[in-house]
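I have placed the structure first, in the form of structure tokens, so that the comments after it can refer back to it.
Just so you know, all these numbers are worked out from the coordinates, no wet-lab data involved. All figures in this text were calculated on a predicted structure; none of them were measured in a lab. Cβ atoms come from the backbone with ideal geometry, glycine included; neighbour counts cover every protein chain shown.
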Amino acid sequence: MADHLLLLATTTGYQTRMFREAALKLGLDVTLASDRCKHLEDPWGDNAIPVRFEDPAGSLETIQTASAERGPFTAIAAVGDRTTFLAALAGQAFGIEFHPPYAVDAANNKHFARQYFQTAGLPQPEGRLWETGSDAAKAAKGTRFPCVLKPLGLSGSRGVIRANNSEEFVWAFQQISAILAEPELARRSDSRNQFIRVEDYISGEEFALEGIVTKGEFAPIALFDKPDALIGPYFEETIYVTPSRHAAGVQQDVVDTIRRGVAALGLRHGPIHAEARHNHEGTWILEIAPRPIGGYCARAMQFANGWTLEELILRHACREALPDLRLATPATGMMMIPIPKAGIYRGVAGVEEARGVPGITDVLLSAVDGQRVKVYPEASGYLGFLFAAGAEPLFVEQSLREAHAKLRFDIATVLA
């Protein structure tokens, strides 16, 4: 393949490496654009274009200059939420198929997305928008409980809190405001971090759907059940298993509703990762993100033809027609290992025992010794990941739970 791929990423982490390795396997010429230090000469030795995702206009000019110097880009891929708007601008500027900027902007804003869904006639919870500096007690008045408070731009359920009464509402509002004021987020100057959306709590079973859009046509890749009850007060994700064990009609309704949501947002070309809930009233979209599932999780989707999810996305970005994709095993899944308590991570025992559980295909630990870890709602990551495969979804779920039970984490308490 002779395409020149522009790969936008925020880190040098696992997902970026996997995309780069897939690109090299396909024979692509790869140029990375990342928010590294632009004052050092190629600090990572990867000849990356230095960009700032919080300055999309200026960064687009930098990318255009690089394109003129290095040869034109003919394909685009984006890793992570923060990269997608700049990727959309670059796609528009170079005439490369990708999601359009307005659609990415809407999808990445929990309030704007709700407005698009409502216009399309999709079921929506009632909601209001509050500035972080608002009087929390005043904001609680007139709120219908239970409700969910959520920051507009954070991902992975970070800062999403359920409140069942006014006292819990005030605490949650203050907690989210504190998260958004943390230096890591404050220095991004992201206007979304100045607001909190409050909306009715949606009950029901939760799903994740991985899919891809080709010139506006949505195709599902894998529908995952989330068998752990996500009822709050926090919504830390743990187990994903596919195929779904729910009735065929429920599964179809989830897929069809997300397809309508993709069209409502105007997403046109590239991967999507969606979250939804289903109850007696139907399917309710929680979010549709214009990027693939994050981090190590893509390892749960190995295809029968030998492709990885990263390879599928890059082939699609290079305009290759995709075959009828099937996963390599009848059932597969992963567990994002939750953080049992806040403190300093010192290690884990029982890894080999976990690897020996029937059905377990891999155990990956991402936390490092000495790392300070936080619990939800402040947390933005996991201790690691478990992967399993087998003949039946229930077997996969049980394998993941058994393996997790064998892990014993050492986390030292931090004294105030």
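Overview of values
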read-out: Sequence-distant lysines (8 or more away, or on other chains) whose Cα lies within less than 17 Å of K226; value: none
read-out: Inter-centroid distance (Cα atoms) of segment 322-394 relative to segment 255-270, Å; value: 30
read-out: Computed [θ] at 222 nm, helices only, for the chain once each DSSP H run of length n ≥ 4 contributes -39500 (n - 2.57); value: -9000 deg cm²/dmol
read-out: Sorted by Cβ neighbour density within 10 Å, fewest at the top, the residues H4, H404, H99; value: H4, H404, H99
read-out: Taking the chain and dividing mean pair separation by its residue count, relative contact order in percent (alpha carbons under 8 Å, at least six apart); value: 14
read-out: Cα-Cα over 27 Å, subset of K150/K374; K341/K406; K141/K374; value: K141/K374
read-out: Quotient of Cα Rg and 2.2 N^0.38 Å for the chain, N being how many residues it contains; value: 0.97
read-out: Net charge of neighbours whose Cβ lies under 13 Å from the Cβ of S134, counting Lys and Arg as +1 and Asp and Glu as -1; value: +2
read-out: Choice from I161, I293, I344 with maximal GNM fluctuation in the chain (Cα, 10 Å cutoff); value: I344
read-out: Sorted by Cβ density within 10 Å, fewest first, the residues R192, R355; value: R355, R192
read-out: At 1.567 mPa s and 4 °C, Stokes diffusion of segment 286-357 via Kirkwood alpha-carbon radius, µm² per second; value: 84
read-out: Charge sum, other residues only, whose C-beta stays under 9 Å from H111's C-beta, Lys/Arg counted +1 and Asp/Glu -1; value: +4
read-out: Rounded FRET efficiency, nearest 0.05, which uses the C-beta distance separating E126 from A219 and R0 of 41 Å; value: 0.80
read-out: Percentage relative contact order, segment 168-261, counting C-alpha pairs under 8 Å, at least six apart; value: 17
read-out: Mean separation of Cα contacts under 8 Å, 6 or more apart, over the residue count of segment 253-378: relative contact order %; value: 17
read-out: Sorted by Cβ density within 10 Å, fewest first, the residues M335, M301, M18; value: M18, M301, M335
